[in-house]
Amino acid sequence: MPRRGRPEAGARRFAALLSAQSDIDVVGEAPNGRLGIEVSRSTHADVVLMDVRMPEMDGLEAARQLLDAPPGVVHRPKVLMLTTFDIDDYIYEALHTGVSGFLLKNAPVAELVQAVRVIAAGEALLAPSVTRRLIEDVARLRPGPRRDARVQLNGLTPRETEVLLLVAQGLSNAEIAAGLVVAEQTVKTHMSRLLAKLGARDRAQLVVMAYESGLVAPGMSDRAPGG
């Protein structure tokens, strides 16, 4: 397992916990954002756990450079940001950058492991209610440039628009399928079409678009499909 520098105790703890899983290989560790980029690119990591607060280069800038790689760099990992409530103002900006999910640093071991698996599988870690609340808080405090919903969402079918609304409210594919009384594969098909039509990288960016288009408003309470 490649190592650069001396990762902090928290990073070593996460690495040890993940290494204990039979389906997860920890390919590198780094003590700061700058070296984190180097390790990620040299090892072709699939998922990168990025602390928002790091020396030399913070996690947000490191994630931006990883996800907006220069010409010639083909591999782009999925990024899971480790955050705390006192810095949740980073979250909305991180979503714009293309980060796939967020996890509180004091999350249980099982939640950490599941988060890595979810993001590696191509999903975004947006289902937990805490994440929905953080996104809404940040959208309210630091709104991005709002676009005309009729323009941005032009071309979506009524059902695709409904699925987008539910995704933005934090529902998983299984929850959406149950609420709409359709097969989960049907929801996955709608998700693929949403990503293609809106030019979104993943589920997280769909949430950003839903907020910015006005389809979902900060503070909007969850509602059941069809409610």
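Bear in mind these aren't lab numbers, they're just calculated from the coordinates by the rules spelled out. All of these numbers come straight from a predicted model, not from anything done at the bench. FYI the Cβ positions are ideal-geometry reconstructions off the backbone, even for glycines, and counts take in every protein chain you see.
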Exercise. If you stretched the chain out fully between LYS188 and THR157, how much longer would it get, using 0.36 nm times the residue separation minus the C-alpha to C-alpha distance?
Worked result: 9.7 nm
Exercise. Each residue of region 97-107 in turn: what ³J(HN,Hα) in whole Hz from Karplus with 6.51, -1.76, 1.60 and θ = phi - 60°, glycine and Pro shown as x?
Worked result: 5, x, 4, 8, x, 9, 9, 6, 4, 9, 5
Problem set entry | Karplus-derived 3J(HN,Hα), 6.51/-1.76/1.60, for each residue of region 195-210, Hz, glycine and proline x | 4, 5, 5, 9, x, 8, 6, 7, 4, 4, 6, 4, 5, 4, 5, 5
Exercise. If you rank MET57, MET209 by fewest surrounding Cβ atoms within 10 Å, what's the result?
Worked result: MET57, MET209
For this session: Sort 195-201, 172-178 for me by packing, meaning the mean count of neighbouring Cβ atoms within 10 Å per residue, highest on top.
Result: 172-178, 195-201
Seminar exercise, completed: Residue-ordered couplings for region 63-79, obtained by feeding phi - 60° into the Karplus form 6.51 cos²θ - 1.76 cosθ + 1.60 and rounding to whole Hz (Gly and Pro as x), are 5, 4, 5, 5, 8, 10, 5, x, x, x, 9, 8, 6, 10, x, 8, 10
Exercise. Given a Förster radius of 25 Å and the C-beta distance between ALA178 and ASP23 as r, what FRET efficiency does 1/(1 + (r/R0)^6) yield to the nearest 0.05?
Worked result: 0.40
Problem set entry | Placed amide H near VAL47: partners under 5 Å, 5+ positions off or other chain | LYS78
